[in-house]
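A.B. asks: If you scroll down you'll find the structure; I have some questions about it.
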Amino acid sequence: MRQKPGPDNSLGLVKFLFPNSFNIYLHDTPAKSLFGESSRAFSHGCMRVMKPVKLATFLLKNNQEWDPAKINQAMHAGRQQYVTIKNEVPVFIAYLTAFVDRNGVLNFRTDIYNLDDHLADMLISDNGN
């Protein structure tokens, strides 16, 4: 099943595709209120972008034909359009359940993918090297 582009599309007005073997991508969302939630695991594996226009503007900054007005127009056109960026941008995805924030405070998050136990086993086993 495929949902047509438009304001009610569950992926929002834009999605950002990048090469990866998991078919994961970044996308907008019509449910902006979800960004205010403390638990934000509402997607099915892809990642919602809080400021998609800002990301699109950054990615297309070296393409003179794509200014913010044209980006906005394309996002609201109600039809699918592909734009390939000229310069590659590295994408790094990190899944962290523990991290130190900018104030030096240790934070813990729920391990929604249940990967921490496996990582801990690898770290403390003799085979972990």
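A.B. asks: Against the conditions (1) modelled with pLDDT under 85; (2) surrounded by 12 or more Cβ atoms within 10 Å (Cβ to Cβ), where does residue 36 fall short? Just the number, please.
C.D. replies: Every condition holds for residue 36 apart from (2).
A.B. asks: A follow-up question, please. Any idea which residue in the stretch 1-27 is modelled with the highest pLDDT, counting only those that are surrounded by 10 or more Cβ atoms within 10 Å (Cβ to Cβ) and more than 18 Å from residue 89 (Cβ to Cβ)?
C.D. replies: Ranking the candidates gives 13 first.
A.B. asks: Same structure, new question: Quick one: residue 77 ticks every box in (1) at pLDDT below 90; (2) over 18 Å from residue 15 (Cβ atoms); (3) surrounded by 12 or more Cβ atoms within 10 Å (Cβ to Cβ) except a single one, so which number is it?
C.D. replies: Status for residue 77: all satisfied but (2).
A.B. asks: Tell me yes or no: at least one residue of the stretch 69-83 is more than 23 Å from residue 46 (Cβ to Cβ) and either outside the structural domain of residue 53 (by TED's automatic domain parsing) or among the small types (Gly, Ala, Ser) (or both).
C.D. replies: Yes, that holds for at least one residue.
A.B. asks: In the set 111, 117, 101, which member is surrounded by 10 or more Cβ atoms within 10 Å (Cβ to Cβ) and acidic (Asp, Glu)?
C.D. replies: Step by step, each of 111, 117, 101 is checked, and only 111 is surrounded by 10 or more Cβ atoms within 10 Å (Cβ to Cβ) and acidic (Asp, Glu).
The values are calculated or read from the model by the stated rules, or taken from the named source; none is laboratory data. Here the structure is a predicted model, which is why all the values come from computation and not from measurement. Here Cβ is always computed from backbone atoms with ideal geometry, including for glycine, and neighbour counts include all displayed protein chains.
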